[in-house]
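The values are calculated or read from the model by the stated rules, or taken from the named source; none is laboratory data. Quantities reported herein were computed from a predicted structural model and do not represent experimental measurements. All Cβ positions, even for glycine, are placed from backbone atoms using ideal geometry, and neighbour counts span all protein chains on display. Heavy atoms of the whole protein, side chains included, go into the accessibility calculation; ligands, DNA and RNA do not. Shrake-Rupley method; radii C 1.70, N 1.55, O 1.52, S 1.80 Å.
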Amino acid sequence: MRDVSKIFHMGSMLSRIRITAVEHVSFRVGPGEIFGLAGESGCGKTTLARMILGFEEPTSGTIALRGRDGQPIVGRRAWRRAGVQAVFQNPFETFNPLRQVERYFFETVQNYGLAGNRAEALERIERALQMVGLSYEAIAGRYPAEFSGGQLQRASIARALLSEPSLLIADEPVSMVDASIRMSIMNLFRDLVDRLGVSVVYITHDLATAYYVCDRIAIMFRGNIVAMGNVDKVLMEPKHPYVRLLMECVPQTDPKKRWRAKVQLSASETEEYLRAGCKFAGRCPHAMDICKQEVPEEIYFEGQMAKCHLLRVSQGVQ
Amino acid sequence: MWSVRANKLCAAYVLDIFGTKKVIHAVNEVSLELRENEVYGIAGESGCGKTTLVRLLFGDVQPPLRLMGGRVLYQVDGRELDLYSLAPAERRDLRWSFISYVPQSSMSNLNPVIKVKGTFGDVLKSHAPHQGKRELLERARQHLVELGLPPKVLEVYPHQLSGGMRQRVVIALATLLSPRVVIADEPVTALDVVVQRGVLQLLKEVQERLQNALVIVTHDMGVLANVADRIGIMYAGRIIEEASVWTIFEQPLHPYTRYLINSLPAFGDKGTRESAPGSPPSLVELPSGCAFHPRCRLARDRCREEVPEFEMVGDEHRVACWLVKEG
């Protein structure tokens, strides 16, 4: 094993109305790992992704990144070339409809100085496209509208792979792709990780696909990671009441597992963001006095971590 | 008892692009029946014609969409009405009172410049022209309380509500006049799982109270597994399989339905899921014969040549597939 690791450490990011979009979040993604970042909309997962991509500066804390060779990556240009590349949600919005898709590939090669001449560039592009099951012939001269959603998302992934980054950030990469080919994109991520040793941060609100593809997962709630660890542990043996609520609300694709109990909805996002102590306390069925005053600490179990006062009480830890 | 019946419904978008005529066959020979006291789910991928189908059932046909054939029948208080032979005024009277439609991204369907109560007032006024303003408002308030929503939402503008609340307000609006049929097009797409569950819970509650027909159009099979009684699977403008929710999930017969069900990720099972090869066809140039044949591993000659009939194969189970018919 090469010692490639990426350490993210971020502190509170204060915006003008002082909403802490991401609050004291730390995690690391190992080489060749698919790390899930799941949570509801407005939980700060996209802000986190934007900071990793370098679009946004963290207010405090640091983010470090290592290349595929294990060396730390320093500098803005290198960060985006050998470091991290993104795959976005809707491939039809990723690409300008009036530009041929291949131009994005040549542009990427040129911008990062990846090839000396056109032949080299072509070879590199062909290699990246082969990796996602396409070929240069299949995309040459075509506009985004001439592709199906699945093909275009594959092309978008291939473009991200051109600069051989050590990390891919995939922000809801399948939510706009047709259901019947969604799993082939998920399988592609698995395959890329196995073959290239690239790491993937998979950002989603869909816990079922996250369970399918991820090795480890972090569940975010209102800017905090409330639970993190091995995906089997976090989702199948949920400790945090919020994760339990989420798991109960995911519609299971089995009529035998229909919902029975009723669910309570949150009053307002802003209110939850500004809450002192545990942000989930307002909706938590087990909320205690301490939850409304103090931010819970991280409590470690076998294979997972959860931030909840309740767990400390039940464990009897002081 | 049935409320709405569609018979061999065909519709297409006819576009004229710089003199070239382009015909998009969005709905092809769809027959279905919506019954009292049931939740009917329509599932399919984007661009398979599911929204067009429900717009036809609702009677919302505007150019470039054109009805090419077939009939839609409503059963209103024991009378049978042919939707497309009714006068526009009669059709308008049936909207909201007999059938109501919650369009996709209904978040943006509330008028942003009037308060929610204004929109409620408009709907009520058009169907109860003689009632006073105060009475109408009281009726709207009562309806919201019955659905467990805070009546204060009437006093605010749509942008002051969260996405989930807006969706629930639109559902309240659609059920205000106790319609016999409610059509919800992608009611929970773009909502968070917890909110999604709350909205589905509300839809189901209203349906149980009114004992009417609820149609849920979605691409999310998980949603249907949780709320639907019967499901119709759409592919390339046709319903290719229809059965009870149990049959669809446990004994699907059409190869497309099988792919759809088998590719769903499940908790506790990390085994590799295969999705169907290829991608959905364009509705402009539909493949010959069965539209699924280019993606079907079991396709035979007949599948390439003839469109399979949508036939009953079991109790309440209809399938359009040569393989099933010929064994």
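The residues of the stretch A:66-97 that are in a strand (DSSP E or B) and either aliphatic (A, V, I, L, M) or under 18 Å from A:Arg159 (Cα atoms) (or both), listed by number, are A:Val84, A:Gln85, A:Ala86, A:Val87. Answer with yes or no whether B:His254 is out of contact with any strand residue (DSSP E or B) (no Cβ under 9 Å at 6 or more places or on another chain), open to solvent by less than 50 Å² (accessible area, probe 1.4 Å), closer than 25 Å to B:Lys8 by Cβ and not hydrophobic (A, V, I, L, M, F, W, C). So B:His254 fails the test.
Taking the stretch A:182-208 as the search range and keeping residues that are within 12 Å of another protein chain (Cβ to nearest Cβ), modelled with pLDDT under 90 and open to solvent by 10 Å² or more (accessible area, probe 1.4 Å), which one is farthest from B:Arg273 (Cα to Cα)? Residue satisfying both the conditions and the ranking: A:His205.
Touching a residue at least 24 places away in the same chain (Cβ under 8 Å) and open to solvent by less than 10 Å² (accessible area, probe 1.4 Å): is that true of B:Leu177 in this structure? So B:Leu177 does not fit the description; no. The residues of the stretch A:232-253 that are at pLDDT 90 or above, within 9 Å of another protein chain (Cβ to nearest Cβ) and out of contact with any Leu (no Cβ under 7 Å at 6 or more places or on another chain), listed by number, are A:Asp232, A:Met236. Residues that are more than 14 Å from every other protein chain (Cβ to nearest Cβ), surrounded by fewer than 14 Cβ atoms within 10 Å (Cβ to Cβ), without any contact (Cβ under 8 Å) to a residue 24 or more places away in the chain and not aliphatic (A, V, I, L, M) within the stretch B:279-314 comprise B:Ser288, B:Asp301, B:Glu305, B:Glu306, B:Glu309, B:Glu311, listed in sequence order.
Within the stretch B:153-199, track down each residue that is among the acidic types (Asp, Glu) and assigned to a helix (DSSP H, G or I).
B:Glu155
Of the strands (runs of 3 or more DSSP E) lying entirely inside the stretch B:1-115, those carrying at least 2 residues that are touching a residue at least 12 places away in the same chain (Cβ under 8 Å) are B:2-17, B:20-35, B:38-43, B:65-76, B:99-102. Flag not set for B:Val153, criterion: open to solvent by less than 30 Å² (accessible area, probe 1.4 Å) and touching a strand residue (DSSP E or B) at 6+ places or on another chain (Cβ under 7 Å).
Of everything in the stretch B:240-251 that is facing chain A (nearest Cβ under 8 Å) and buried (at least 18 other Cβ atoms within 10 Å of the Cβ), the residue that is nearest to the chain's Cα centre (by Cα) is B:Val245. Listed by position, the helices (runs of 4 or more DSSP H) enclosed by the stretch A:126-227 that each have at least 2 residues that are over 30 Å from A:Lys307 (Cβ atoms) are A:136-139, A:149-161, A:179-196.
For every residue, the table says whether it meets (1) exposed (fewer than 14 other Cβ atoms within 10 Å of the Cβ); (2) among the acidic types (Asp, Glu); (3) within 14 Å of chain B (Cβ to nearest Cβ); (4) over 25 Å from the mean Cα position of the chain (by Cα).
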| position | (1), (2), (3), (4) |
| --- | --- |
| A:Pro97 | yes, no, no, yes |
| A:Arg103 | yes, no, no, yes |
| A:Met131 | no, no, no, no |
| A:Glu146 | yes, yes, yes, yes |
| A:Pro165 | no, no, no, no |
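I'm told B:Ala140 meets every condition in (1) surrounded by 15 or more Cβ atoms within 10 Å (Cβ to Cβ); (2) touching a residue at least 40 places away in the same chain (Cβ under 8 Å) except one. Can you identify the failing condition by its number? Among (1) surrounded by 15 or more Cβ atoms within 10 Å (Cβ to Cβ); (2) touching a residue at least 40 places away in the same chain (Cβ under 8 Å), the lone unmet condition for B:Ala140 is (2).
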